[in-house]
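**Q** Structure provided below as structure tokens; questions to follow.
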Amino acid sequence: MGCVATVALTAAACGGGSSGGSASSAGAHANTSAYCNEARQVQQAGTALAANPDGLSNAFATFDKLAAVAPSQIAPGVQTLRAFYGRVLTALGTTRPSQNPQALTNAVNSAAKGQETQLRTAGQQVTDYTKRTCGIDLGGSPSRSTTTTKR
């Protein structure tokens, strides 16, 4: 169950990447700082969601806040994911994922239908940007050391 919920929250675990931007240095830093602060909230909500899948709407609400402060270079990807999460909630309705895990799987599949490629691309853009800029992994992958040592 937690895995399905994590996949729903972190569709960001799939697809391509991008970078760029031309905002002023001060404005970009303020925007980046706000974005990273909200990204931490999204990450914490994802962790809480694994323990309580019925908190899906609260977890997705943190993503709304992330979308509000997303830098221009990833704002379209964040909005794509935000719309996906809204469709998941609509498809799920009042069903409690803890009581009906299959309903969550069905809601995710229904919300993604026909947009799998766009969701993978948007998800990877958001994941890559957030990891590179904030040092936060929204992809839901387990923590692993990526440090390599030359001998």
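**Q** Only loop residues by DSSP count here, and only those with at most 10 other Cβ atoms within 10 Å; note down the trypsin sites (Lys or Arg not before Pro) in segment 64-140 that meet that.
**A** Loop-located and lightly packed - Lys113.
**Q** Next question. Search the structure for amide H atoms under 5 Å from the amide H of Gly139, placed 1.01 Å from N in the peptide plane, and list their residues when 5 or more places away or on another chain.
**A** Sorted by chain and number, the residues that satisfy this come to none at all.
**Q** Grab the other residues whose beta carbon is less than 13 angstrom from that of Ala111, score K and R as +1, D and E as -1, and report the net.
**A** +2
**Q** Something else now. Within a Cβ distance under 10 Å of Thr62, other residues only, what is the Lys/Arg minus Asp/Glu net charge?
**A** 0
Each reported figure results from applying straightforward, stated rules to the coordinates on display, with no laboratory input. Not measured: the values here are computed from a predicted model. Every residue, glycine as well, gets a Cβ built from its backbone with ideal geometry; the counts of neighbours run over all protein chains shown.
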